[in-house]
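See structure below.
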Ligand SMILES: [Zn+2]
């Protein structure tokens, strides 16, 4: 069971929350001036790192408020939670956090024991 510490309600079960994807994706200031390609990249293209990731969460079955979290996607450890509008922590704040649990590459499953026939 994963517990998430809502900044408004406190610690609750993960089942009460919904992930809103990558945080800090800025909407173009003049959407009518951007190309279709730039707009589609804003709407659809997101980082999908294996390791530390800034994401948005909403307490769907609680206060219904949005907040940001820094999560290690390879270990599922939530490293920091902060309210919208607060300054996000820098990656230097997490320099001692292993990017992956056992040092496997940044991309891929890391399962190199399976040999192709
Ligand atoms: Zn809440």
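Among strands (runs of 3 or more DSSP E) entirely within segment 1-46, having at least 3 residues that are within 15 Å of the ligand (Cβ to nearest atom) and over 16 Å from residue 84 (Cα atoms) singles out 10-13. Only one of 80, 106, 92 is at pLDDT below 85 and not in a loop (DSSP other than H, G, I, E, B). Can you tell me which? That would be 92, the only listed residue that is at pLDDT below 85 and not in a loop (DSSP other than H, G, I, E, B). So how many residues does segment 47-71 have that are outside any strand (DSSP E or B) and more than 10 Å from the ligand (Cβ to nearest atom)? Number satisfying all stated conditions: 5. Of the residues screened, residue 72 is one that is modelled with pLDDT under 95 and surrounded by 12 or more Cβ atoms within 10 Å (Cβ to Cβ).
Does residue 83 meet the test of being within 12 Å of residue 7 (Cα to Cα), within 13 Å of the ligand (Cβ to nearest atom), touching a residue at least 24 places away in the same chain (Cβ under 8 Å) and surrounded by fewer than 15 Cβ atoms within 10 Å (Cβ to Cβ)? It is true that residue 83 is within 12 Å of residue 7 (Cα to Cα), within 13 Å of the ligand (Cβ to nearest atom), touching a residue at least 24 places away in the same chain (Cβ under 8 Å) and surrounded by fewer than 15 Cβ atoms within 10 Å (Cβ to Cβ). Restricting the first member to segment 3-18 and to residues that are under 15 Å from residue 55 (Cα atoms), and the second to residues that are in a helix (DSSP H, G or I) and away from the ligand (no atom under 12 Å from the Cβ), the beta-carbon pairs closer than 8 Å and six or more apart or on different chains are 4/14.
The values are calculated or read from the model by the stated rules, or taken from the named source; none is laboratory data. This structure is a prediction, so every number in the text was calculated from the model and none was measured. When we count neighbours, we look across all protein chains shown, and the Cβ atoms used for this are built from the backbone with ideal geometry, even at glycine.
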